[in-house]
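All remarks here apply to the structure that follows.
The values are calculated or read from the model by the stated rules, or taken from the named source; none is laboratory data. Since this is a predicted model, take the numbers as computed values, not measurements. Here the Cβ positions follow ideal geometry from the backbone for every residue, glycine too, while neighbour counts run over all protein chains shown.
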Amino acid sequence: MRPTGKLKIAMMAIVILLSCGTANAQRWRWHSRPYRVVTVVTRPDVTVHVGNRFTQKERFRMAIAYLKDHDYLTVKRYAKITELSKAAAKAELDAFAADKDRPIEAVIRGKKKVYILKK
């Protein structure tokens, strides 16, 4: 028995549907792999331990001596003078400015934060 036109069309439709279903299943299996979990660990802004040959009192005296000769002190300049990193220098100058007993004050000049002697 030879298949007629409608039977040929029906068989081709079934073959196409089955092959598409198989291809679709393979594609979804490829995409359904589990996602990677990535943990982001950030470093702290300021490290507690400061390996430096100067003590904090000596660095404070250096800052006061610099401010007596100059109008203001920047973080970059203080970092060079005391051999600290910029983050540690900024944290230390902010600590000096926050202490009411110390004669250093933080002010904004233009876009920079600078430190001056209190008047």
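In table form, for the structure just shown:
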| quantity | calculated |
| --- | --- |
| Failed criterion for E92 (all others in (1) modelled with pLDDT of 95 or more; (2) under 17 Å from T55 (Cβ atoms) hold) | (1) |
| Lone unmet requirement of (1) in a helix (DSSP H, G or I); (2) over 20 Å from K118 (Cβ atoms); (3) out of contact with any helix residue (DSSP H, G or I) (no Cβ under 7 Å at 6 or more places or on another chain); (4) charged (D, E, K, R) for D94 | (2) |
| Search result, residues across the stretch 77-111 that are buried (at least 16 other Cβ atoms within 10 Å of the Cβ), within 24 Å of the chain's Cα centre (by Cα) and among the aliphatic types (A, V, I, L, M) | A79, L84, A88, A89, A91, L93 |
| Residues of the stretch 66-91 satisfying the condition of being under 11 Å from L117 (Cβ atoms) and of a type outside the set (D, E, K, R) | Y66, L67, H70, Y72, L73 |
